[in-house]
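Peer 1: This is the structure I have questions about; it appears just below.
The values are calculated or read from the model by the stated rules, or taken from the named source; none is laboratory data. Since the structure is predicted, the reported quantities are computational estimates derived from the model, not experimental observations. Note: ideal-geometry Cβ built from the backbone for every residue, glycine included; neighbour counts use all protein chains shown. All accessible areas refer to the heavy atoms of the entire protein, side chains included, with ligands and DNA or RNA removed. Shrake-Rupley method; radii C 1.70, N 1.55, O 1.52, S 1.80 Å.
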Amino acid sequence: MLHLTTGRVGCLLSKQAVVALTSSGARMSSHGHHEVSDSVDMSQPMYWDRLDTPLPDRPWKDVLDSTDKSLKQKEKGPWTALSKEEKIALYRLKFNHTYPEMKRPSHEWKTVIGGMFIFFGITGLVVFWQGHYVYPPQPHTFGEEWQAKQIQRMLDMRINPIEGFSAQWDYKNKQWK
Amino acid sequence: MSLAKPAMRGLLGKRLRFHLPIAFALSLVAAAAFKYGVTEPRKQAYADFYKQYDATKEFNNMRDAGVFESVRPTGE
């Protein structure tokens, strides 16, 4: 019920106060925003702040006090009679966040990158332990001598003599080009 | 405070008119770059290799290195 009270207070107050009040009591409040509500009655028209669906089923403030009610009455007349503050107040009655407020950046990326690196580190430790305790001995074909004999045989067979392996070998001077 | 009415129609057409010529041009550039950066040098490399290629000499070199099973090196 924090939303309703702060909405009430936030009518003519600065935006910062409203944001500060609504962002407490949320899950990752260190992220800087995104209030989390508990269970919602889905059989009633809902309010939402969504970039892709701009007009929710109900206005933000349902329960209007007397000042709000009188403002709503004034809204029924010509809108040129409304002052700028009154127009903003009517907007705030109807909507919780403006589009820039909805799009405001969060600090979530730091958590994501940090978590990524933590898991990279853990994986690195696992891989290192695995290399030490799990892997069997290397096949004999990995040894230096065997590799040298293998390369010599590949050159003798003229593997890829045009653009590839043997093309890099100088057969006259018996060295790499 | 009255803002200009935003564009309501022709958004896809506008995007296509901008992006399609660019996409077409970049594709042609990519194809040309591959042709003249990869395929033409490769064809030239093969041509140059086979100009000076003596198959019999190469065969004898390989035979003497001992990589064949059908013929032993000369003098065995």
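Peer 1: Go from 0 up to the bin containing the longest alpha carbon distance in region B:35-76, width 10 Å each, and give me the % of pairs per bin.
Peer 2: All Cα pairs, binned at 10 Å, distribute as 26, 29, 24, 17, 4 percent.
Peer 1: A further question on this structure: Given H placed 1.01 Å from N in the peptide plane, which residues other than close sequence neighbours of residue A:169 have an amide H under 5 Å from its amide H?
Peer 2: Distant-sequence amide H within range of residue A:169: A:177.
Peer 1: Next question, about the same structure. Checking the cross-link filter: which lysines have an alpha carbon closer than 29 Å to that of residue A:174, excluding same-chain neighbours under 8 positions apart?
Peer 2: List returned: A:149, B:43, B:51, B:57.
Peer 1: Next up: Based on the Cβ-Cβ distance from residue B:57 to residue B:23, what FRET efficiency comes out when R0 is 45 Å, to the nearest 0.05?
Peer 2: The computed FRET efficiency comes out at 0.30.
Peer 1: Can you list the HN-Hα couplings for region B:49-65, worked out from phi with the Karplus curve (6.51, -1.76, 1.60; θ = phi - 60°), rounded to whole Hz and with x for Gly and Pro?
Peer 2: 4, 7, 4, 9, 8, 10, 5, 5, 4, 4, 4, 5, 4, 5, 4, 5, 6
Peer 1: While we're looking at this one, here's another question. Need one number: nm distance between label points at residue A:79 and residue A:43, each 7 Å from Cα along Cα→Cβ, rounded to one decimal.
Peer 2: 3.6 nm
Peer 1: Go through region A:138-173 and flag every residue whose accessible area shrinks by 40 Å² or more with all protein chains in place compared to the isolated chain (probe 1.4 Å).
Peer 2: A:156, A:158, A:162, A:163
Peer 1: So what are the three principal axis dimensions of chain B from its Cα atoms, in whole Å, longest to shortest?
Peer 2: Principal axes ranked by extent give 101, 25, 19 Å for the Cα atoms.
Peer 1: While we're on this one: Let's test this: bin the Cα-Cα distances of region A:92-174 at 10 Å from zero up to the farthest pair and state each bin's percent.
Peer 2: 13, 17, 14, 16, 16, 10, 8, 5, 1
Peer 1: Compute the label zone of residue B:36 within region A:142-177: residues whose backbone N is under 12 Å from the point 7 Å along Cα-to-Cβ.
Peer 2: No residues fall inside that zone.
Peer 1: Follow-up. Tell me: how much accessible area in total is hidden between B and A, 1.4 Å probe, Å², nearest 100? Don't skip to the answer; put the middle values down first.
Peer 2: Numbers: alone 7270 and 14170 Å², together 20550 Å².
Chains B and A together bury approximately 900 Å².
Peer 1: Using a Förster distance of 35 angstrom, determine the FRET efficiency expected from the C-beta separation of residue B:2 and residue A:57, and round it to 0.05.
Peer 2: Details: r = 28 Å, r/R0 = 0.80.
Given R0 = 35 Å and the Cβ-Cβ separation, E is 0.80.
Peer 1: Which of the lysines could a cross-linker span from residue A:74 if the Cα-Cα distance has to be under 18 Å and same-chain partners fewer than 8 positions apart are dropped?
Peer 2: A:61, A:84, A:87, A:94
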